[in-house]
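Worksheet for the structure shown next.
The values are calculated or read from the model by the stated rules, or taken from the named source; none is laboratory data. Predicted model, so just to flag it, every value in this text is computed and none were measured. Cβ coordinates were reconstructed from backbone atoms using ideal geometry, including for glycine residues, and neighbour counts include every protein chain displayed. Areas reflect the complete protein model, heavy atoms only, side chains present, ligands, DNA and RNA absent. Shrake-Rupley method; radii C 1.70, N 1.55, O 1.52, S 1.80 Å.
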Amino acid sequence: MVQYNDVFGLEKKQKYGMITTIWFNLKETKKWDKKLFYYQWLCILPNVAATFFGTLLPSELVRGLEEGWDIKWIVCYIFLLTVIMWICHIADTTMRCYLRFEGATLSLYYSKKCFHKIMDLDYDKLEQEQKLIGNTWKSISDDSNFAGILLAFSATLQSIVGLFAYGILIARNHIWILLFILSSSLLRFYLLSLAKKKHRTYHVHLSRYAKEAAYLSRQTMERRAGKDIRIYQMAEWFLKKYQNVLNQMDQIFKKIHNWYFLSGFCNNMINFIVNAGIYIYLIIQVLNGSITVASFVLSVGLVKGFSTYFYILFRQVISINPFCAAIAYIQEFLEISNQWKQKEGVGEAQIIKIKEAGVKLELRKVSFTYPGNQEPTLKEIDLVIHPGEKLALLGLNGAGKTTLVKLICGFYHPTEGEILLNGIPIQEFSREEYYRLVAVLFQDATMLPLSLDENLTGETTEKMDQKRLHLALQLSGFLKRYTQSEKGGKTLLVQEVNEAAEDFSGGEKQKLIFARALYKAAPLLILDEPTAALDPIAENELYLNYGKATKGKTSIYISHRLSSTRFCDRILLLEHGRIIEEGTHSSLLVANTRYAQLFIIQSQYYKEQEEKKRKRKLMGDEIEETITEGESFYE
């Protein structure tokens, strides 16, 4: 297993090894561009052949001179070898250029695959795999990863073939030279590996300081931090801290450099000793008449070629690691499995039946524990929500409201227990079937860079239901703002993408996404803090329309404002992952419950706020009256 650094600078074991990752990339490359796939293999022969003919040429020239060949024959022979070598170089260069430039387009192929994957990913996987997703998109965004792995793989194969061919040629006449080169190469390999190992060890500490330096520099550029830095005169502290971090990084870089310097120095010494030994041996052989000068030149070339290929092989094995790490992120991401059924479900007839009858939702002993946590967030929730019922879900921060809603939405799956919709366990539905039955107003809803109508309906103009859209706009309170837009439903959104896009206030966006939820006409409606960004008048308007908007629907209403839950049929209060109270607004007040205490405290707060507003208004009126009297006096 190869080790690599993730986006956050932490050492982590790679799920897939080098061979597995290379094989995966080869298969995907063949799907994208068959020329890319075959060129990785085909460019081995011209590369090795060109190198061999380059080694053979000087020795053949010497042999021709030694044996007294005719000068014309020597020239023709050398010219032929040169032409062959030139053709091989052209072929190798052409294929490698194709690998380099077209290999970068693999990022487009992987981008498309990963984009489709992330759109198809279950929501719980989307949340759990944020680190992997971040690393995946970072890998895709760097084109050099894809051209790099193709070139490195091809160069690795070239080196292996070259080593095998040159090794056989050397061993035929000088077996001990081959053994001598191999042992020295292994020693150099060990020294460089040692330097690399030290590099990885120091890199763990380097990553920590790099993260700290990045954080400090980022804070100095942020407007929010800039205010504190200036008001509290923290600039000197930032400078000292940043300098200290840079000093620590410099010390680590020096240690890394020293190890590479030592490795390089030893490598040069070994090269000198090996080359000196081989040259002395071959010269002695020539002087003794054991070999010819041509054989001497050829042997020197073969030795040099073998050493070069061995060094290239070692360098490629090291350099291919980061490329493999990048592809491994993509491979791991693409192989994430979903828990929801994708196609088979309860069927269209059952969906229509549920829509006509209304949604009955039942939670049986439902518990949920987040991955990595010891304590469950929700504990043995037993709950039945009847068709057409309006349920208010309340609780302080951390009570488990959001988690419960995500379970009901199908974003999470219970750790224990089960959730049933009209008596059917929700896992029996396909994901698409279940989502057709649920509409949710989220606080952090997303606007897409499309037209207003497309954001509201999720459909093209030809397919949208105008009557249903008008009703949704009216009940949500967004109709007036919709009609005021110069282009109406064709108004573009998101200014980052569309320069002519129109912007909306927080309250207007809240109404917009409420209209979107209503347009879907799903039998189960969930409203998560629907009045958070609304002013009191708009909030009151929403309450008045809430009954009409949820008529015939099973609805769940989540809010921190306890006064807004009085129109619900039933109120649930969550605390520490359990339902501690249940009842109507009136019954809970009469029983002097925890809900009643919270309601009184919150009501008192709002009364105090209203009283302060009233006093400020009175004081403002008195001041205005005094000013008016003064103006009258001077007149």
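Taking residue 194 as the residue in question, decide whether it is part of a helix (DSSP H, G or I) and in contact with a Cys (Cβ under 9 Å, 6 or more places away or on another chain). No, not satisfied.
Every test in (1) in a helix (DSSP H, G or I); (2) open to solvent by 40 Å² or more (accessible area, probe 1.4 Å); (3) within 30 Å of residue 351 (Cα to Cα) is passed by residue 483 save one, and that test is (3).
Looking for something open to solvent by 70 Å² or more (accessible area, probe 1.4 Å) and out of contact with any Leu (no Cβ under 7 Å at 6 or more places or on another chain) - is there at least one such residue anywhere in the stretch 96-110? Scanning the stretch 96-110 turns up at least one residue that is open to solvent by 70 Å² or more (accessible area, probe 1.4 Å) and out of contact with any Leu (no Cβ under 7 Å at 6 or more places or on another chain). Quick one: in the stretch 398-408, which of the residues that are in a loop (DSSP other than H, G, I, E, B) and touching a Ser or Thr at 6+ places or on another chain (Cβ under 9 Å) is surrounded by the fewest Cβ atoms within 10 Å (Cβ to Cβ)? Here the answer is 398.
Scanning the stretch 578-601 turns up no residue that is touching a Ser or Thr at 6+ places or on another chain (Cβ under 6 Å) and touching a residue at least 40 places away in the same chain (Cβ under 8 Å). Could you tell me whether residue 133 is in a helix (DSSP H, G or I), open to solvent by less than 20 Å² (accessible area, probe 1.4 Å), in contact with a Ser or Thr (Cβ under 9 Å, 6 or more places away or on another chain) and at pLDDT 85 or above? No; evaluated as a whole, the condition is false for this residue.
Of all residues in the stretch 590-606, those that are open to solvent by 60 Å² or more (accessible area, probe 1.4 Å) and either in a helix (DSSP H, G or I) or closer than 23 Å to residue 376 by Cα (or both) total 8. Test residue 284 against the stated conditions and say whether it is open to solvent by 60 Å² or more (accessible area, probe 1.4 Å) and among the hydrophobic types (A, V, I, L, M, F, W, C). Yes: the conditions hold for residue 284. Look at residue 458 and say whether it is open to solvent by 40 Å² or more (accessible area, probe 1.4 Å), under 27 Å from residue 121 (Cβ atoms), modelled with pLDDT under 90 and within 30 Å of the chain's Cα centre (by Cα). So residue 458 passes the test. The set of residues in the stretch 344-383 that are under 15 Å from residue 420 (Cα atoms), at pLDDT 90 or above and assigned to a loop (DSSP other than H, G, I, E, B) comprises 358, 359, 360. Take residue 114 and tell me if it is open to solvent by less than 80 Å² (accessible area, probe 1.4 Å) and either of a type in the set (Asp, Glu) or under 30 Å from residue 412 (Cβ atoms) (or both). The answer is yes for residue 114.
Scanning the stretch 183-228 for residues that are open to solvent by less than 60 Å² (accessible area, probe 1.4 Å) and closer than 30 Å to residue 300 by Cα yields 184, 185, 188, 191, 192, 193, 194, 195.
State whether the residues of the stretch 487-509 include one that is under 17 Å from residue 449 (Cβ atoms), in a helix (DSSP H, G or I), open to solvent by 30 Å² or more (accessible area, probe 1.4 Å) and out of contact with any strand residue (DSSP E or B) (no Cβ under 6 Å at 6 or more places or on another chain). So far as the stretch 487-509 goes, yes, one or more of its residues are under 17 Å from residue 449 (Cβ atoms), in a helix (DSSP H, G or I), open to solvent by 30 Å² or more (accessible area, probe 1.4 Å) and out of contact with any strand residue (DSSP E or B) (no Cβ under 6 Å at 6 or more places or on another chain).
The condition (being of a type outside the set (Asp, Glu), free of Cβ contacts under 8 Å to residues at least 12 places away in the same chain, open to solvent by 100 Å² or more (accessible area, probe 1.4 Å) and closer than 30 Å to residue 190 by Cβ) is satisfied by just one residue among 265, 253: 265. Residues in the stretch 426-455 that are hydroxyl-bearing (Ser, Thr, Tyr) and either farther than 24 Å from residue 493 by Cβ or surrounded by fewer than 20 Cβ atoms within 10 Å (Cβ to Cβ) (or both): 430, 434, 435, 446. In the condition set (1) in contact (Cβ under 8 Å) with a residue 60 or more places away in the chain; (2) open to solvent by 20 Å² or more (accessible area, probe 1.4 Å), residue 395 is compliant with all but (2). Among residues of the stretch 544-559 that are part of a helix (DSSP H, G or I), none has a beta-carbon under 6 Å from a residue that is at pLDDT below 80 at least six positions away or on a different chain.
For the stretch 409-425, the set of residues classified as open to solvent by less than 10 Å² (accessible area, probe 1.4 Å) and touching a Gly at 6+ places or on another chain (Cβ under 9 Å) consists of 419 only. Test residue 345 against the stated conditions and say whether it is open to solvent by less than 80 Å² (accessible area, probe 1.4 Å), at positive phi and not basic (Lys, Arg). It is false that residue 345 is open to solvent by less than 80 Å² (accessible area, probe 1.4 Å), at positive phi and not basic (Lys, Arg).
Inspection of the stretch 229-238 identifies no residue that is under 34 Å from the mean Cα position of the chain (by Cα) and touching a residue at least 60 places away in the same chain (Cβ under 8 Å). Residue 362 satisfies every condition listed in (1) of a type in the set (D, E, K, R); (2) open to solvent by less than 70 Å² (accessible area, probe 1.4 Å); (3) touching a Lys or Arg at 6+ places or on another chain (Cβ under 8 Å) except (3).
Considering the stretch 348-386, the residues that are touching a residue at least 40 places away in the same chain (Cβ under 8 Å) and of a type in the set (Gly, Ala, Ser) include one that is nearest to residue 439 (Cα to Cα), namely 358.
Selection over the stretch 242-278 of residues that are out of contact with any helix residue (DSSP H, G or I) (no Cβ under 6 Å at 6 or more places or on another chain) and of a type in the set (D, E, K, R) gives a count of 2. Taking the listed residues 177, 160, 168, the one that is open to solvent by less than 30 Å² (accessible area, probe 1.4 Å), among the β-branched types (Val, Ile, Thr) and out of contact with any Cys (no Cβ under 6 Å at 6 or more places or on another chain) is 177, with no other qualifying.
The numbered conditions (1) within 27 Å of residue 269 (Cβ to Cβ); (2) of a type in the set (A, V, I, L, M, F, W, C); (3) without any contact (Cβ under 8 Å) to a residue 60 or more places away in the chain are all true for residue 221 except (1).
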